[in-house]
Amino acid sequence: MALCAFAFPGNLSKAVGADPQKHTTLCSQWLRGTDLQCQFYCKNKQVRKRAAGVCASLSERGEYHSQRPPTPLLDTINYPIHMKNLSTKELKQLADELRSDVIFNVSKTGGHLGSSLGVIELTVALHYVFNAPRDRILWDVGHQSYPHKILTGRRDKMHTLRQTNGLSGFTKRSESDYDCFGAGHSSTTISAGLGMAVGRDLKGRKNNVVAVIGDGAMTAGQAYEAMNNAGYLDSDMIVILNDNKQVSLPTANLDGPIPPVGALSSALSRLQSNRPLRELREVAKGVTKQIGGPMHEIAAKVDEYARGMISGSGSTLFEELGLYYIGPVDGHSIDDLIAILKEVKSTQTTGPVLIHVVTEKGRGYPYAEKAADKYHGVAKFDPATGKQFKSSAPTQSYTTYFAEALIAEAEADKDVVAIHAAMGGGTGLNLFLRRFPTRCFDVGIAEQHAVTFAAGLACEGLKPFCAIYSSFIQRAYDQVVHDVDLQKLPVRFAMDRAGLVGADGPTHCGAFDVTFMACLPNMVVMAPSDEAELFHMVATAAAIDDRPSCFRYPRGNGVGVELPPGNKGIPLEVGKGRILIEGERVALLGYGSAVQSCLAAAALVEPRGLRLTVADARFCKPLDHALIRSLAKSHEILITVEEGSIGGFGSHVAQFMALDGLLDDKLKWRPLVLPDRYIDHGSPVDQMMQAGLTSSHIAATVFNVLGKAREALEIMSEV
Amino acid sequence: MCCISGVIIPITDPCFSFFPTRPDPHPNIISFPASVSFRVRPGVPHRPVKSILNDTVQFSSDPPSFYDLLGIPETGNLLEIKQAYKQLARKYHPDVSPPDQVEEYTKRFIQVQEAYETLSDPRRRALYDRDLAKGIHFAFSARRRIGLEFDEQMEDKNEWKSRWESQLSHLKKRSMYKDSGDNMSWGARMRRQRNESS
């Protein structure tokens with residue numbers, strides 16, 4: 001490791017520029033060939049005198065450039081088939097170049113850096129040993145698939161990563177044949193991999209199936225369901241457990257790194273250090289050897305039991321589920337990985353095998369290694385300094401406002417507790433954790449458990465707030481229906497990332513939550529139109545103690561309204577909306593963030609001589625009947641706008657109006673919802689354009705319904 | 001595994017291996033005391049080696065401390081550190097350095113960068129000040145890895161290889177009899193079917 005100590009830029013000693021002779025002898029004596037940087041450094045040392053260090057650029061003089069680093073070997077690889085004739089040394093060089101390339105690309109586009117850096121060697125080894133796309137390689141969640149994309153023919157498009165019409169930030173079947181299964185939510189690869197293995201068996205094919213899953217994703221129940229089934233079916237497949245001890249995101253709270261959540265992680269760590277048992281193993285092996293001859297089968301069984309005894313408590317978990325456990329393996333040693341994968345591939349009947357690979361998130365980029373969150377998700381940054389280019393906004397994000405609102409509620413009421421599923425940073429609950437360490441619960445990637453856990457807390461009289469992204473709560477839907485809503489337990493759901501989410505794309509998009517929450521009989525469903533409303537709605541939710549409630553808010557920053565004093569909101573009257581602008585003829589009834597678009601649309605329409613009424617419904621359930629009646633009776637046209645799918649707010653309004661007889665006269669009702677297709681990743685502005693929910697679209701709709709097609713076209717052409 | 005001689009040996013402890021890199025092996029530096037055995041019998045917990053470190057460390061020409069690099073007194077506060085760093089970073093960044101001195105400047109830049117990173121973090125600064133007082137200078141990454149846990153980890157890594165090698169051999173052995181007649185799992189039946197038809 002000392003070699004790395006002076007290989008890193010922090011070397012202060014005068015070793016640099018010193019006697020090169022001495023250094024080469026040092027290098028040759030180091031046995032730790034598994035450390036790629038040291039190896040690479042050694043190669044460099046023979047050429048130059050100074051410490052090259054690890055850098056975004058591979059240039060030997062250790063310079064940090066903002067242009068593309070030289071990657072001679074990687075330039076010759078377009079597809080995995082081009083890797084087949086490389087020697088181990090060349091593969092290591094390829095891994096180094098791939099690392100540089102990933103750092104360079106992510107620095108230009110932003111994205112998930114740490115996880116991709118941790119699996120560079122694994123990706124190289126997998127593509128070297130296996131023959132994608134015939135052999136199926138599945139990446140759980142997919143955010144660590146950047147090196148995989150570079151090696152499978154998409155290197156020239158990496159500059160479009162996570163942008164409109166560009167590469168997806170996750171694996172996507174429609175993007176490439178090498179992406180076998182689309183991912184974005186976690187813990188799905190073992191299930192999908194088992195499906196592919198069984199399908200292969202039924203069709204009589206002979207390819208391999210490899211599913212890569214992280215230790216964080218392993219905390220989800222679906223992974224166990226899959227392993228249980230895999231053990232039972234006994235179909236040949238390989239599961240690679242990528243263990244980097246990072247279970248929750250970010251992998252740190254505000255004050256420093258946190259230990260992984262859950263009992264499984266400590267079991268996995270125990271697996272990694274089992275020294276005294278090795279001797280026992282040797283003894284057992286000796287005994288079985290002596291038995292020999294016709295006793296072979298019995299000896300094999302003895303060995304199996306000895307293995308189970310010796311390998312430690314964690315591996316027997318996988319063994320009990322029916323997976324053959326191999327490991328732990330150094331995930332940054334290409335030699336080890338290739339040796340193991342080749343062996344497993346060449347063995348004919350293996351059944352399901354689990355290879356426990358230990359990696360380090362952010363490995364190879366010192367700033368990522370040092371950072372508490374390991375640079376999990378970054379904006380564009382400068383490779384030389386590791387500093388991210390974060391644009392400063394005048395307001396904070398809705399996430400932060402939510403956390404502050406919840407803290408204010410919790411200070412007033414000691415029964416308020418918060419629950420999240422491994423997303424302390426994403427939901428803002430790290431702030432809550434810092435203030436109330438015993439009242440914030442991180443359950444790991446287990447949304448279903450989080451909801452029922454909250455239900456249990458509510459039974460005891462506490463006030464649980466479940467902060468789960470709109471798209472992730474889809475996983476826990478039955479728990480919401482059966483455990484919370486059916487029993488009318490007062491659990492509060494705070495659904496962040498509602499609506500379109502930008503670069504993460506359809507896998508993280510919260511399009512459906514209005515639909516599936518508002519159809520539940522006992523649920524109170526509301527949405528704030530700005531951050532002050534968010535504060536009030538958190539207070540309202542805290543006050544609703546006899547039934548479940550939920551509120552949704554989008555990704556992004558606030559609009560800049562004044563916040564309530566002390567961050568403490570005032571509970572709203574349930575089922576009451578508000579009118580923001582009084583107008584005539586046409587009324588826009590918005591729900592949630594769409595209200596802002598409605599206000600902008602009203603401003604667009606005003607110069608053309610029409611004053612729109614803009615109303616904020618606030619509640620989808622219970623609807624403000626009086627407001628809707630008054631709007632319906634005093635206007636010719638009512639347009640409902642929401643950033644959700646069909647079956648949500650607009651449908652509820654229509655249902656009410658139909659039953660109330662409001663549609664029997666001359667009222668024209670038009671809904672504006674997200675279109676009936678998935679909106680691809682891109683910038684938020686582009687996505688809204690594609691969805692047809694921008695203020696221009698709303699204004700154009702107004703004119704269209706009024707019969708003024710020309711004005712509608714004018715408005716759209718101004719965009 | 002650890003022969004103690006004047007040349008560097010592949011040992012797990014970064015502390016020791018750091019020193020031989022010093023360009024001018026100072027006559028005062030004792031070559032590793034032969035009495036120290038830091039590779040102990042298996043089962044005996046590995047002793048931390050920092051205490052031994054202090055006895056052997058004697059330097060007359062110290063490398064510049066982070067404070068010297070930044071040009072601030074040891075009692076400098078965060079503002080001074082920031083200002084010094086900004087100034088020097090602007091001066092030494094490879095993109096703005098004069099072409100003939102790029103190497104030298106980049107090296108300095110990296111050093112200044114590390115100095116700032118360590119000193120601006122109060123926790124790390126405290127650790128660094130402690131080490132400085134003891135008279136030793138570590139690169140931050142080496143410092144982070146020092147400790148009992150790291151030593152144990154290194155030894156364990158060596159064990160890992162032998163462990164998975166035996167696991168692999170067992171897998172191969174097991175595959176011989178895995179699909180024998182009485183294994184009725186779905187996968188075994190499909191495999192038998194596939195082998196019969198091919």
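The values are calculated or read from the model by the stated rules, or taken from the named source; none is laboratory data. Values in this document were obtained by computation on a predicted structure and should not be read as measured data. Cβ: placed from backbone, ideal geometry, glycine included. Neighbour counts: every protein chain shown.
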Tally of residues being over 47 Å from the mean Cα position of the chain (by Cα) and facing chain A (nearest Cβ under 7 Å) across region B:162-187: 2
Taking A:Gln487 as the residue in question, decide whether it is in a helix (DSSP H, G or I) and surrounded by fewer than 21 Cβ atoms within 10 Å (Cβ to Cβ). no
Please note which helices (runs of 4 or more DSSP H) are completely contained in region B:50-115 and include at least 2 residues that are away from chain A (no Cβ under 14 Å) and modelled with pLDDT under 80. B:50-56
All positions within region A:632-651 that are in a helix (DSSP H, G or I) and either buried (at least 23 other Cβ atoms within 10 Å of the Cβ) or out of contact with any Ser or Thr (no Cβ under 9 Å at 6 or more places or on another chain) (or both): A:Ala632, A:Lys633, A:Phe649, A:Gly650
Cβ pairs under 7 Å, 6+ apart, first in region A:422-448 and closer than 23 Å to A:Glu411 by Cβ, second of a type in the set (Asp, Glu) and assigned to a loop (DSSP other than H, G, I, E, B): A:Arg434/A:Asp255
Hey, does region A:191-200 have a residue that's among the β-branched types (Val, Ile, Thr) and either away from chain B (no Cβ under 14 Å) or under 16 Å from the mean Cα position of the chain (by Cα) (or both)? no
I need a count of the residues in region A:655-676 that are more than 34 Å from the chain's Cα centre (by Cα), buried (at least 17 other Cβ atoms within 10 Å of the Cβ) and under 25 Å from A:Met688 (Cα atoms). 1
So for region A:415-429 (the condition being at pLDDT 95 or above and over 14 Å from A:Phe493 (Cα atoms)), does at least one residue qualify? yes
Has region A:543-565 got at least one residue that is under 30 Å from A:Asp140 (Cα atoms), aromatic (Phe, Trp, Tyr), touching a strand residue (DSSP E or B) at 6+ places or on another chain (Cβ under 8 Å) and touching a residue at least 60 places away in the same chain (Cβ under 8 Å)? yes
A:Leu126: over 20 Å from the mean Cα position of the chain (by Cα), closer than 24 Å to A:Lys370 by Cβ and modelled with pLDDT of 95 or more, yes or no? no
Among the candidates A:Phe436, A:Phe432, A:Phe402, which residue alone is surrounded by fewer than 23 Cβ atoms within 10 Å (Cβ to Cβ), among the aromatic types (Phe, Trp, Tyr) and either at pLDDT below 95 or more than 21 Å from A:Asp215 (Cα to Cα) (or both)? A:Phe436
Please find, within region A:504-531, the residue that is farthest from A:Ala405 (Cα to Cα) out of those that are at pLDDT 95 or above and β-branched (Val, Ile, Thr). A:Thr515
Taking A:Thr613 and the conditions (1) modelled with pLDDT of 95 or more; (2) within 37 Å of the chain's Cα centre (by Cα), which numbered condition does it fall short on, given that it satisfies the others? (2)
Hits in region A:490-522 (condition: in a loop (DSSP other than H, G, I, E, B), buried (at least 21 other Cβ atoms within 10 Å of the Cβ) and not aliphatic (A, V, I, L, M)): A:Pro490, A:Cys509
Residues of region A:138-166 classified as surrounded by fewer than 23 Cβ atoms within 10 Å (Cβ to Cβ) and not in a helix (DSSP H, G or I), total: 6
Quick one: count up the residues across region A:385-400 that are closer than 26 Å to A:Asp496 by Cα and more than 23 Å from the chain's Cα centre (by Cα). 4
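Residue by residue, here is whether (1) under 17 Å from the mean Cα position of the chain (by Cα); (2) part of a loop (DSSP other than H, G, I, E, B) holds:
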residue: A:Phe402; (1), (2): no, no
residue: A:Leu406; (1), (2): no, no
residue: A:Lys414; (1), (2): no, yes
residue: A:Ala418; (1), (2): no, no
residue: A:Ile445; (1), (2): yes, yes
residue: A:Ala450; (1), (2): no, no
residue: A:Ala455; (1), (2): no, no
residue: A:Phe465; (1), (2): no, no
residue: A:Arg475; (1), (2): yes, no
Where in region A:311-384 are the helices (runs of 4 or more DSSP H), entirely inside, with at least 2 residues that are of a type in the set (Asp, Glu) and over 27 Å from the mean Cα position of the chain (by Cα)? A:313-321, A:334-346
Hey, does region A:102-125 have a residue that's surrounded by 23 or more Cβ atoms within 10 Å (Cβ to Cβ), of a type in the set (Val, Ile, Thr) and over 18 Å from A:Gly364 (Cα atoms)? no
